[in-house]
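Working notes, structure below.
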Amino acid sequence: MNSLFSTALLSVLCLGLSHQVHAQAQATATTKPKSEKRTAEAKEEGTLTTNHGLPVADNQNQLKAGVRGPVLLEDFIFREKMQHFDHERIPERIVHARGSGAHGYFQCYESQADITKAAFLQDPAKKTEVFVRFSTVAGERGSADLARDVRGFAVKFYTKEGNYDLVGNNIPVFFIQDAMKFPDLVHAVKPEPHNGIPQAASAHDTFWDFASLMPEINHMLMWVMSDRALPRSYRMMEGFGVHTFRLINAKGVASFVKFHWRPKLGVQSVLWDEATKINGKDPDFHRKDLWEAIERGDFPEYELGLQVIDDATAAKLEFDLLDPTKLVPEEIVPLRIVGKLVLNRNPDNFFAETEQIAFLPTNLVPGIEFTNDPLLQGRLFSYQDTQLSRLGGPNFHQLPINQPKGCPMGFGTNFQRDGMHQTMVPKGRVAYEPNSLDGGKGPRENPAQGFISAPEEMTGPKVRKRSETFGDHYSQARLFFRSQNETEQRHIINAFTFELSKVQSKEVRVRMLAHLAQVDATLHSGVAAGLGMKETSETLKPAVPAHDLPPSPSLSILGKAPKILAGRKIGVLVADGFNAAALAALRKSAAAEKAVLAVISPKVGGAKDGEEKVVQADMALSGAPSVLFDAVVILSSKESSDQLAADKTAVDWVSDAFSHCKVLGYSPDARPLLDAAGVKADEGTIEVGQETGDFIQAAKNGRIWGREPAVRPRG
Ligand code: HDE
């Protein structure tokens, strides 16, 4: 027998065998009676069928002319299965393609009737169902979570007045002022069109070329070069409506409003070096974190805050509220906290829910309206339009995740008909209004409850022009930079340096330096020094030069970081001979702080404690780098510590944790490993035994930033 033939025969035999085994396994899994009473009928219920209901007898093999013969074209069962598979993907979102979603509810703390008539903001006893989708912006659907990027924070409220969508981001301002520039912005940041490189990154020539030619981008650049663009978790991220909206109360009184989401766990970020490593070792870091937190009942919570601004206050602000590149400092208009958002249920199916959800800034309810912000006005067209190609036609509102399920009228109580993917069966002969033939049973307009746009005065010539009140592009960029502490400013400088180092065009780098010089001298000199560029940046003469605004401490993440461990993850590296009592004490203290503890050992099978008892590991060292944890502990015997000191993966685990400024606990015998990793004793390196209090306290205080300039000056 020649070898080709024998291999073929073997695979036929194996396939035959695997078919039998598979069929048996399936019989056990799907048709095994759950109780003695199950009958033959019940078995039929579990029968696999085609999409048209034909029972399928064999789901393992195509129909062939002889067992080793060619496949027959008439195999409609195979063709149906393969054809459906071939069409499984729909176009990904042009932006925000990669996302993660969750169900939950919103509840207001008290009636907001004084400012809005929106029904979901009236009754504190009422919970409104929501679906939230978090996302990155630039990366494709299969990209990694920890790109330096803005994050989407989109909330669909299924209210009784229909769906209200608050489609926001985790940064309160935007890159551009007018929607006309959005396609240009997105083309510039997406992979360069000739070679499709780079994925999910702004560090390339086309983005910075565009940025250097668009002075209005400078405020947003400060935010995306800050650690805000590297969230530790979707659970630890703020959200913002970005634009100014209008609230209207039942008396018709209108006020301006800015929407804010505040995470109960506080805002936290990772370092750039951590982000790049997480992307390699655990590209689903954020998606998994959200999913696992909800699965273990640790429900993410956010509070909704409103900055309510009356017309008189608006008139006194030294910038235009309609300009989406500006924020209203909380020191000028504090937040009014009005309710909470709780995410308590994971989707049942990623595609049907997270992928098919369609957010529309035009989904409004009575009591909330737009303003003339020219960026928002452009969005009013784009979202509805994009769903037509993404979800294949005008009936995407009928997909279960998009249906206005909070609304007693249901969807489709109108005379719109037909279209691709129509799933309803409207009854009767009347599909128009007014009519006299439906006996008055059909839906009619309702001026008492319906949506009525506030009668705002409109005047002015028809122009394509930017308002002069949008002209100051540097003052709030400066305000943001100067409101950061020294560590945060260093990170911004390092981020600009990294990104611009990837830019090959020197002209672009020089132009960017000129903008940075307008924003802040320290920022400019730090980046210029990092790039090793001495070109003069004095040439730029902006129409409106920056002026100094009082710093806004609320813009600093570190300034308002809560001292908690709740929702954070402690990684404990255990190696043979470790102190079991210390691990038990750590478990207890972590649970008391509502932190998660993961045991990592060189092998996933676990490690032996000092009594030779094997303790199972949650993760193996090679798959659990210390970048996945907020604080770390090393428990080992002297002997295993010596062994780990010669193991580069273990040494990197410790030296990364140290240089990422993490609090590091260790049993005294672990010292050789710490020495091999270059760990220098400081207030964040703490001996751990049965007593864990000092370690926990230090970990609650956060990172040891004082280490950073010495160990990681470039970020
Ligand atoms: Fe979006 N944006 N955007 N955007 N956006 C989309 O709509 C658009 C902007 C935001 O999880 C798209 O359904 C324009 C600001 C989020 O499904 C698209 C402009 C803010 C999501 C679109 C902006 C956002 C999107 C792509 C400038 C924060 C993801 C798929 C005029 C306030 C929603 C889709 C989800 C998605 C257009 C600017 C937030 C193409 C034209 C500002 C969170 O329609």
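Of note:
- Distance between segment 369-431 and segment 542-574 - C-alpha centres, whole angstrom: 39 Å
- Between the C-alpha center of segment 149-217 and that of segment 638-715 there is a gap of 38 Å.
- Remark: segment 330-336, residue by residue, has Karplus-estimated 3J(HN,Hα) of 5, 5, 8, 10, x, 6, 9 Hz, where x stands for each Gly or Pro and the curve is 6.51 cos²θ - 1.76 cosθ + 1.60 at θ = phi - 60°.
- Order by protection proxy (mean Cβ within 10 Å, highest first), peptides 210-222, 608-620: 210-222, 608-620
- Its residues counted as N, the chain yields a C-alpha radius of gyration over 2.2 N^0.38 Å of 1.11.
- Each listed q (0.06 Å⁻¹) maps to a log10 I(q)/I(0) for segment 99-402, found by the Debye formula over equal Cα scatterers with no solvent: -0.19.
- Sites R336 and E192, calculated FRET efficiency, Cβ-Cβ separation with R0 56 Å, nearest 0.05: 0.80
- For the chain, the membrane-span-like helix rule (DSSP H, alpha carbon extent of at least 30 Å along the helix axis, mean Kyte-Doolittle at least 0.5) picks out 3-31; this says nothing about an actual membrane.
- Top positive-direction residue, dipole computed over the chain with Cβ charges, set G252, M180, G440: G440
- Dividing the mean sequence gap of close Cα pairs (under 8 Å, 6+ apart) by how many residues segment 473-558 holds gives a relative contact order of 51 percent.
- Assigned charges on the beta-carbon of Lys, Arg, Asp, Glu; segment 101-159 dipole about Cα centre (debye): 140 debye
- Amide H contacts of R98 (H built 1.01 Å from N, in plane; Pro and chain starts excluded): T136 sit under 5 Å, all sequence-distant by 5 or more or on other chains.
- Between the listed residues G530, Q356, Q83, the Cα displaced farthest toward the positive end of the dipole of the chain, a dipole computed from Cβ unit charges relative to the Cα centre, is found at Q83.
- Between amide H atoms placed 1.01 Å from N, distances below 5 Å from N169 occur with F153, F240, V242, all of them 5 or more places distant or on a separate chain.
- When only the Cβ of Lys, Arg, Asp and Glu is charged (+1, +1, -1, -1), the dipole of segment 99-402 relative to its Cα centre reaches about 640 debye.
- Viscosity 0.890 mPa s, 25 °C: Kirkwood-radius Stokes-Einstein D of segment 618-715 over Cα pairs, µm²/s: 182 µm²/s
- Relative to the Cα centre, the charge distribution of segment 587-683, modelled as +1 at Lys and Arg Cβ and -1 at Asp and Glu Cβ, gives a dipole magnitude of about 200 debye.
- Sorting the segments 441-450, 363-372 by their residues' average number of neighbouring beta-carbon atoms within 10 angstrom, most packed first, yields 363-372, 441-450.
- Amide proton proximity set for K326, modelled H, under 5 Å, gap of 5+: F174
- Applying a DSSP loop filter and a limit of 10 other Cβ atoms within 10 Å to the GluC sites (Glu not before Pro) in segment 472-581 leaves E538.
- Listed by chain and number, the lysines whose alpha-carbon sits under 22 Å from that of K700, ignoring those within fewer than 8 places in the same chain, are K264, K560, K563, K569, K588, K594, K662, K680.
- Ordering I570, A677, G689 by the projection of their Cα atoms onto the charge dipole of segment 563-711, which places +1 on the Cβ of Lys and Arg and -1 on the Cβ of Asp and Glu, puts I570 at the extreme positive end.
- Equivalent-ellipsoid semi-axes of segment 473-558, from the Cα gyration tensor, Å, largest first: 22, 17, 9
- Point-to-point label distance, K465-F451, nm (Cα→Cβ direction, 7 Å offset): 3.2 nm
- Its DSSP H runs of at least 4 residues, each contributing -39,500 (n - 2.57), put the calculated 222 nm mean residue ellipticity of the chain at -9000 deg cm²/dmol, to the nearest 500.
- Cα convex hull of segment 381-448 - mean projected area over all directions, nm²: 6.1 nm²
- Working from Cα pairs under 8 Å separated by at least six residues, relative contact order for the chain is 11 percent.
No lab work stands behind these numbers, since they all come straight from the coordinates. What you see is a predicted model, and the numbers here were worked out from it, not measured in a lab. FYI the Cβ positions are ideal-geometry reconstructions off the backbone, even for glycines, and counts take in every protein chain you see.
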